[in-house]
Amino acid sequence: MISQFFVLSQRGDHIVFRDYRGEVPKGSAEIFFRKVKFWNDDEAEEAPPNVDGVNYIHVKVAGLFFVVTTMVNVSPSLLLELLQRIARVTKDYLGVLNEDSLRKNFILVYELLDEVIDFGYPQTTSTEVLKSYIFNEPIMVDAGRLPPLGPAAMFMQGTKRMPGTAVTKSVVATEPGGKKREEIFVDIIEKISVTFSSSGYILTSEIDGTIQMKSYLSGNPEIRLALNEDLSIGRTGSSSHDYRSSSGSGTVILDDCNFHESVHLDSFDIDRTLTLIPPDGEFAVMNYRMTQEFKPPFRVTALIEEAGPSRAEVLLKIRAEFSVNVTANTITVQMPVPSYTMRASFELEAGAIVGGSEHTLRAKLTFSQESHGNITKEAGPVNMNFTIPMYNASKLQVRYLQIAKKSKTYNPYRWVRYVTQANSYVARL
Amino acid sequence: MAPTAPTAAKSASPSQPSGKSEVADLKQQLRQLAGSRAPDADDQRRDVFKRVISCMTAGIDVSAAFGEMVLCSATSDVVTKKMCYLYVGAHARAHPDLALLTINFLQRDCRDQDPTIRGLALRSLCSLRVPNLVEYLVTPLTTGLKDPSAYVRMIAAVGAAKLYHISATACIDADLPASLKALMLSDPDAQVVANCLHALQEIWTLEAASSEAAAREIETLYSKPVVFYLLNKIKEFSEWAQCLVLELASKFLPSDNNEIFDIMNLLEDRLQHANGAVVLATIKVFLHLTMSMTDVHQQVYERIKAPLLTLVGAGSPEQSYSVLCHLHLLVMRAPMLFSSDYKSFYCQFSDPSYVKKLKLEMLTAIANESNTYEIVTELCEYAGNVDVPIARESIRAVGKIALQQYDVNAIVDRLLQFLEMDKDFVTAETLVLVKDLLRKYPQWSHDCIAVVGNISSKNIQEPKGKAALIWMLGEYSQDMHDAPYILESLVENWDEEHSPEVRLHLLTAVMKCFFKRPPETQKALGATLAAGLSNTHQDVHDRALFYYRLLQYDPNVAERVVNPPKQAVSVFADTQSGEMKDRIFDEFNSLSVVYQKPSYMFTDKEHRGPFEYSEDLTNLTVGAETTENVISAQRYQENDNDLLLSTSDKEDNGTRASNGSSTSTYNAPSDLIGSSLISSQTPAETSLINTIGPTSSSQSNFSLDDLLGLGVTESPAPSPPVLSLNSKPVLDPGTFQRKWGQLALALSQECSLSPQGAASLMNPQSLIRHMQSNYIQCIASGGQPPNYKFFFYAQKDGATAFFLVECIVNTASAKAQLKIKADDGTAAEAFSTLFQSALSQFGLS
């Protein structure tokens, strides 16, 4: 039972505030904001705050706090999922989700909130069902002028470098041209985590992937999404393994996966095809997790050596092990150095990294004191962040995307996009 | 909404920044718009309403414009209508008189052609929360529940719950719960069904506090027909409603294993749902259904592992954390089952520190012979982490693993390597761990002190680390060559050392050292004692004085006090009791898991279930409450009790004895004899040495029973009862009910009460209190003379196992029927003996 729902800006302003049950005392939003704002100062703070019997549960989306309060002991996952879903539905309607678009459309958001939650009970979060109850027209915010929100924004904003207007397009708004463009986006987004040992071995590797879909198709046609034929699920040991394609090409073995409600798995076991009637708006068709070994996109080797009593040299090598057609961008490499470092000088060709290339960084560190003993324990590990469009580490592919519709002239745009991001890409010293 | 051209009204009074004048301005504009028939009046109204809502959101008090808003409410524009409803809903409570004005248009809208308008109006009407408008609610609600549109029915169902909160009687009198129930079991629309269930749960749960019928109704919600009906339709429900149904199913008590397997097969595919809330709700059903089937329960763990790990990786950090907390709970319950998945709990660079902390705890728990090497290697990497709190936690984790392993060889080496890192906090944490390790494994002292001896105490800043080092210096001063000299230098710097903790340790360490190497330490000892005595900190001063006098009294005694032969500590105390963990597990998929404490510790009192929730347990079928006609008999009984002298309740004894009032029915006279003797002794232990009237209180009750010719039916051996009970067990009614359903019957017996006991049992409370004094708690009771029914529970002291008892007492025949169920079946016999003898004491004491 949700008592209140509110959205706060980064400065703590109320953007929307809805009280459903009138049981939480006034000032809850301020109490929450103060708690969260001073969080970092006090490490011991519990994750979701509970103040005077009021539980505050929030998610941070696009720099905004989406918060619910409740007086009862409810399922945290339910509320968190619901908050994410509210953010997503709002984005479906507004095209772009940020403080500006919310402020311009707050009446529409109230309309949504009225239907999504009644008396604290979640009702429906389906963009499609909600359509018939929403009467406000969204006021569009120009997506082009938006400041970037950092790499995490990619998951909320859709991928960059794609036909720009489409992903920030509202699901409901009629376009000035009159007719809506028929199109569908399928994004395969993978977050990879790799840890290299100091000698360059892969210690752990994991991929958390999701197939995300956003449909602007009219009339809800059925869609068939075919994945790798040799895809297998579950690490059930080699005995039960099917050797249909045992050649070196490499089978994709997922540890586990889950699917959106609308997905029919009737033919999944036979030909790895997902059948679904996509609901309006953005949703995850499938989430998957893979710990099978894969070829990491970058080889990272880092070396730190003492060069005199209060000096050290760092050598950092990054080799891009993917095709030359692919370019990785938004790359950052971080390496903590000893706290008594006074000066660091280095040289590096910055910018994007093209597949197949190798980059080296040399840095000289000067220390304020003599380093005692083991310098490798004082510095590192090296962490790398990157985004590689049109590349996926798992080799999971969408073989085809079929839209069932009788008419021959009907040929909507289909976009299948891949993107890989670093989640935790660490090389130890 | 297209921006409208500035109107005459606007330009007449330009809006000002201050909130108050803004409201005044809005009021005026509204007034002008109220009767306006201008072609663009609707647009203008939209615009002004929007500004009002905007002020409301920002927290400006716009309630002053209530009258004007209502006047403007007559509009056919849905967007304006909705804004108006929103405003009215938020402010009606403060303006009950003016709210009446809105009733008219709301009621009219409730009869609109368009179902959307009907629904919206009904929702707003129920959201007014004005008690004196209740009469206008009932009719629209009843018609709303029968509306042809599912949208309206869905809103009406929730509306019924809203009405209940405004006026419970109005809701019950209109028989809305019955309509809701009928709708729930017949409506074709899944959301209507879900909302009916929501409303019914809320109404009946609140109603159950005063009505047994409502409690029975709740019971029917958890019954097989309802649960199976809903589960069979599960795919029709929205994700959120699925969670609701699954939560209901988790409280269902299956009658046999087939039902369990049916449900699990039906819900199997829910574990593959992309919505984490559905997955967790399903997992809860699986876990709770299989509680009594060990093998299957274990299989469930294996089955849910992969979906949980996928959820951890899939969602936002907040979602991951919530799932991880649940995983943490399961890992802590069954670490063995997760020992091969240790890599999943390695910390990632991007993890926030609260996630890392959980992961470290899990890694610590699942470390065993097969994976310790890998886990400790990984943990050692974190020790150099830039995030200092996590680095500390990692070191502690290594230490904990060392403490729980048999083969600590390699780990000790790792720990000692930490000391070489020469980072202040690393050294401090490590010293604390090495100290604990030595307390458990004194055999390692040789390796440890060799390294510890090299550490200069000057390099350690943190008091905890320093104290640990000093402890080791004192404890192993024999083997550490220069221990006395290090201690001596520490004493010399006494003034620079401000932490009382360090000073206390220093005192003790010097004492220990003195007895081991007297000539070298004598000087330091004198200095330490002098410094300690002049210390202003009370504890330091007292300890110094104590040592000083002890030495004066007899050095041999002092040595025995300071350096007694020590035994290795085998187990360090666990911070959270097993019982607490069980309670959290019972509340799986709730905030309890995230907070890591059971709900009674953080929910508001209002929403907390009352402790003695006698009506809540609806398996109680014996009649209703005792009523006034009993009271006279009770009074009569009171006189009898004067002679029988009850002292079962220590608390009452103490307070009432002083003023001698006889407000309570049977405790009051206890001060007549030897209450001092009794009260000093009563509930201190649960052995059944109960205070028995004017005879000797130390006499065994068994012999007394024989003396009185009553006898315990089972005639137990005259050995003292081996079972002792927890004096404050905690079990909530829901858990009791579930346990009762899941556990097999351990014992079923008939026993007799003393005639006095039978006679004094005029209402359940007297027996409840008596049993409480024996640490047997009542969770529910009921019935009328001569039949009473009780549900008791007790908990074995120091264990988590509960005993549950159903006890039906017939006062006419002085017999009691017992049904005992126990988590630990082997102790049931002992508990039965204990219970019976406690029962046979009733009325005698």
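Computed from the coordinates by the stated procedures, all read-outs in this text should not be read as laboratory data. All of these numbers come straight from a predicted model, not from anything done at the bench. For neighbour counting, all protein chains shown are included, and Cβ atoms are generated from backbone atoms with ideal geometry for every residue, glycine included.
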Please list the non-local residues whose amide H lies under 5 Å from the amide H of A:Val416, H modeled 1.01 Å from N, same-chain partners needing a gap of 5 or more. A:Val186
With the cut-off at 1.5 for a/c, could you classify region B:44-172 from its C-alpha gyration tensor as rounded, prolate or oblate? oblate
FRET efficiency for B:Asn556 and B:Arg517, using Cβ-Cβ distance with R0 set to 25 Å, rounded to 0.05: 0.90
For the residues A:Asp271, B:Asp422, B:Asp586, what sequence is obtained by ranking on other C-beta atoms within 10 Å, fewest first? A:Asp271, B:Asp422, B:Asp586
Would you please give the residues with an amide H less than 5 Å from that of A:Val16, counting only those at least 5 places away or on a separate chain, with H modeled from the backbone geometry? A:Val7
Would you mind computing, in nm to one decimal, how far apart the modelled labels at B:Tyr373 and B:Asn409 are, each placed 7 Å from Cα along Cα→Cβ? 1.1 nm
Mean projection area, nm², convex hull over Cα of region B:283-391: 6.9 nm²
Using θ = phi - 60° and Karplus 6.51 cos²θ - 1.76 cosθ + 1.60, couplings along region B:352-359 (whole Hz; Gly, Pro as x): x, 5, 5, 6, 4, 4, 4, 5
For A:Ser345 and B:Ser748, extending 7 Å from Cα along the Cα-Cβ vector and measuring point to point gives, in nm, a value of 9.1 nm
Using 25 Å as the Cα-Cα cut-off, could you pick out the over-long pairs in B:Lys235/B:Lys284; B:Lys400/B:Lys464; B:Lys423/B:Lys516? B:Lys423/B:Lys516
Using alpha-carbon positions, what is the distance between the centroids of region A:81-112 and region B:259-284, in Å? 31 Å
Once each part is reduced to its C-alpha centroid, what is the distance from region B:771-791 to region B:96-147 in angstrom? 47 Å
In whole angstrom, largest first, the equivalent ellipsoid semi-axes that the Cα gyration tensor gives for region A:364-413 are 58, 12, 6
Value of Rg to Rh for region B:130-200 (Rh from inverse mean 1/r over Cα pairs, i.e. Kirkwood): 0.95
Which far-off residues, 5 or more places away or on another chain, put their amide H under 5 Å from the one on A:Leu203, with H placed in the peptide plane? A:Thr195, A:Phe196, A:Ser197
Placing one equal point scatterer on each C-alpha of region B:151-244 and summing with Debye, one gets log10 I(q)/I(0) at q = 0.15 Å⁻¹ equal to -0.54
HN-Hα J couplings of region B:284-291 from phi, Karplus 6.51/-1.76/1.60, θ = phi - 60°, integer Hz, Gly and Pro as x? 4, 4, 4, 5, 6, 5, 9, 3
Restraint check, B:Lys581/B:Lys796; B:Lys357/B:Lys597; A:Lys214/B:Lys233; A:Lys104/A:Lys131, Cα-Cα greater than 24 Å: A:Lys214/B:Lys233
Could you calculate the FRET efficiency of B:Glu219 with A:Asp271 from 1/(1 + (r/R0)^6), where r is the beta carbon distance between them and R0 is 60 Å, rounded to 0.05? 0.80
Regarding region B:221-361, what whole-number volume in Å³ per residue does the convex hull of its Cα atoms give? 103 Å³
Hey, with R₀ at 25 Å, roughly what FRET efficiency would A:Glu229 and A:Tyr413 work out to, going by the Cβ-Cβ distance, to 0.05? 0.45
Answer rounded, prolate or oblate for region B:210-300, using the Cα gyration tensor with square roots of eigenvalues a ≥ b ≥ c: rounded when a/c is under 1.5, else prolate when a/b is larger than b/c, else oblate. oblate
Give the cross-link partners of A:Lys169 among the aspartates and glutamates, using a straight C-alpha distance below 18 Å as the criterion and excluding same-chain residues fewer than 8 apart. A:Asp92, A:Glu99, A:Asp100, A:Glu128, A:Glu137, A:Asp142, A:Glu182, A:Glu183, A:Asp187, A:Asp280, A:Glu282
Could you give the radius of gyration (one decimal) and Dmax (whole number) of the Cα atoms in region A:287-379, in Å? 16.4, 52
Tell me, in nm to one decimal, what length is gained between B:Lys815 and B:Asp482 on full extension, where the rule is 0.36 nm per residue of separation less the Cα-Cα distance? 112.3 nm
On a straight-distance basis, which lysines could pair with A:Lys364 in a cross-link, Cα separation under 18 angstrom, same-chain partners fewer than 8 positions away excluded? A:Lys317, A:Lys377
Region B:57-128 - convex hull of the alpha-carbon atoms, volume per residue in Å³: 81 Å³
Just need the relative contact order of region B:330-464 here, percent rounded to a whole number, with Cα pairs under 8 Å and 6+ apart. 18 percent
With a cap of 13 neighbouring Cβ atoms within 10 Å, and only residues DSSP puts in a loop, list the trypsin sites (Lys or Arg not before Pro) found in region B:48-127. B:Arg111
Column: log10 I(q)/I(0), Debye, Cα scatterers of region B:383-475, q = 0.15, 0.21, 0.25 Å⁻¹: -0.49, -1.00, -1.43
